[in-house]
1. Being part of a helix (DSSP H, G or I), closer than 23 Å to M287 by Cα and at pLDDT below 90, is that true of even one residue in region 56-70?
2. Among the residues of region 141-156, are any part of a loop (DSSP other than H, G, I, E, B) and at pLDDT 95 or above?
3. Quick check on T272: is it of a type outside the set (A, V, I, L, M), in contact with a Lys or Arg (Cβ under 9 Å, 6 or more places away or on another chain) and within 30 Å of Y31 (Cβ to Cβ)?
4. Got a sec? Which of R254, R181 is basic (K, R), crowded, with 18+ Cβ neighbours inside 10 Å and within 22 Å of F112 (Cα to Cα)?
5. Just the residues that are closer than 30 Å to L128 by Cβ and in contact with a Phe, Trp or Tyr (Cβ under 6 Å, 6 or more places away or on another chain), please, taken from region 53-93.
6. With (1) within 13 Å of M287 (Cβ to Cβ); (2) in contact with a Leu (Cβ under 8 Å, 6 or more places away or on another chain) as the list, and L90 as the residue in question, which single condition is left unmet?
7. Among the helices (runs of 4 or more DSSP H) lying completely within region 209-299, list those that include at least 1 residues that are over 13 Å from the mean Cα position of the chain (by Cα) and either touching a residue at least 24 places away in the same chain (Cβ under 8 Å) or not assigned by TED's automatic domain parsing to the domain that holds F191 (or both).
8. What pairs can you find where one residue is in region 79-96 and assigned by TED's automatic domain parsing to the domain that holds F56, the other is of a type in the set (G, A, S) and in a loop (DSSP other than H, G, I, E, B), and their Cβ atoms are less than 9 Å apart, with a gap of 6+ or different chains?
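The values are calculated or read from the model by the stated rules, or taken from the named source; none is laboratory data. Because the structure is a prediction, the values reported are computed rather than measured. Cβ placement follows ideal geometry from the backbone for every residue including glycine, while neighbour counts extend to all protein chains displayed.
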Amino acid sequence: MVKTKRWGKKYMDKRNWKKYNSQLIKRGEYYINPRFLESWINEIKEANLSKVGQPFMYPNSMIEFLAILKVKGFDYRSLQGIMTALSKRLGNFPVISYSQIRRRIKKLNFNFKPKSDHLITGSDGTGLKVSNRGEWIRQKWKVRRGWVKVVILGDIKGNIVDIRVGNENLDENKAHRGMLRKNAKNIDKNFGDGLYDVKDNFKLYEKLNITPGLKIRKNASTKSKGCMSRKKEVIKYKKQGYKQWAQNINYGLRWPSTEGIFSAVKRIFGETLNNHNKKDLYHEAKMKFWAYQTIKNIN
């Protein structure tokens, strides 16, 4: 039977709805605001300084503008149509073809970095579906297409610090440790669920001087087995119990740093990928999270 009673205080919605509504309106403005027109000439001049061969015609800011619309569901031909309509009304600038839009979007580099120092972060993974098309064939003939796994390191303000993308066999713990090593100087504490309760993680936290906020498994042994830092956390967890332990370390902060980001990305940009090539699938998955962070930055 499903438990209906929850522990802790009743949830109170403290969100500033006036501010939140204005953020959603800003997001809508961002989708159709051709800011690239203001920086087009300067960007092209800079891009062509040491260019050999045919010069660049279209600025990177325009490709990023189109990439956001792509993950919102527009196909490449529709994107060319959007640029044609904007050109007719905003200065008759040269219109990029849909094939070139595709090539340029595939070459975009999506970079994530910490917003500040002394961050409290969380690590977690989620899956993205590989296209809904051909579902009948998959069900009828048992054709398995797999799915794409995304592991993120996010801060408690909902910003993505780092990301790793792979197939369903991607090792979350290895991906998580790689991201921590890369961004350790900016992180004070990191949260994770029971999946991250392994000795290698605790050893790395101790080495990098990061406070662990990892949920201990119910059957965890209090023996050190080569990792004293994990032993200390297990004893503390078993002594306090989950509820008290969670309150003491503010374990609830894990949600805005991981689950909140996953929820927002899937709600805004969907959880289905449309490419077929493995490399393109990974690029599309990463682009969804880049688009989320880009839009969040304007707020």
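1. Initially, region 56-70 is screened for residues part of a helix (DSSP H, G or I), giving 60-70.
After this cut, where a residue has to be closer than 23 Å to M287 by Cα as well, the list is 60-70.
From what's left, at pLDDT below 90: none.
No: region 56-70 contains no residue that is part of a helix (DSSP H, G or I), closer than 23 Å to M287 by Cα and at pLDDT below 90.
2. First, pick out the residues of region 141-156 that are part of a loop (DSSP other than H, G, I, E, B): 142-146, 156.
Subsequent filtering for residues that are at pLDDT 95 or above retains 156.
Scanning region 141-156 turns up at least one residue that is part of a loop (DSSP other than H, G, I, E, B) and at pLDDT 95 or above.
3. Values: of a type outside the set (A, V, I, L, M): yes; in contact with a Lys or Arg (Cβ under 9 Å, 6 or more places away or on another chain): yes; within 30 Å of Y31 (Cβ to Cβ): yes.
Considered against the rule, which asks whether it is of a type outside the set (A, V, I, L, M), in contact with a Lys or Arg (Cβ under 9 Å, 6 or more places away or on another chain) and within 30 Å of Y31 (Cβ to Cβ), T272 comes out as yes.
4. Details: R181 fails: crowded, with 18+ Cβ neighbours inside 10 Å.
Selected residue: R254, the only one of R254, R181 that is basic (K, R), crowded, with 18+ Cβ neighbours inside 10 Å and within 22 Å of F112 (Cα to Cα).
5. Taking region 53-93 as the starting set, the residues that turn out to be closer than 30 Å to L128 by Cβ are 58-83.
Answer for region 53-93, where residues must be closer than 30 Å to L128 by Cβ and in contact with a Phe, Trp or Tyr (Cβ under 6 Å, 6 or more places away or on another chain): P59, S61, M62, F65, V71, Y76, R77, Q80.
6. (1)
7. On the way: elements: 228-240, 242-249, 254-257, 259-269, 278-297.
In region 209-299, the matching helices (runs of 4 or more DSSP H) lie at 228-240, 242-249, 254-257, 278-297.
8. Note: pairs meeting the criteria are Q80/S97.
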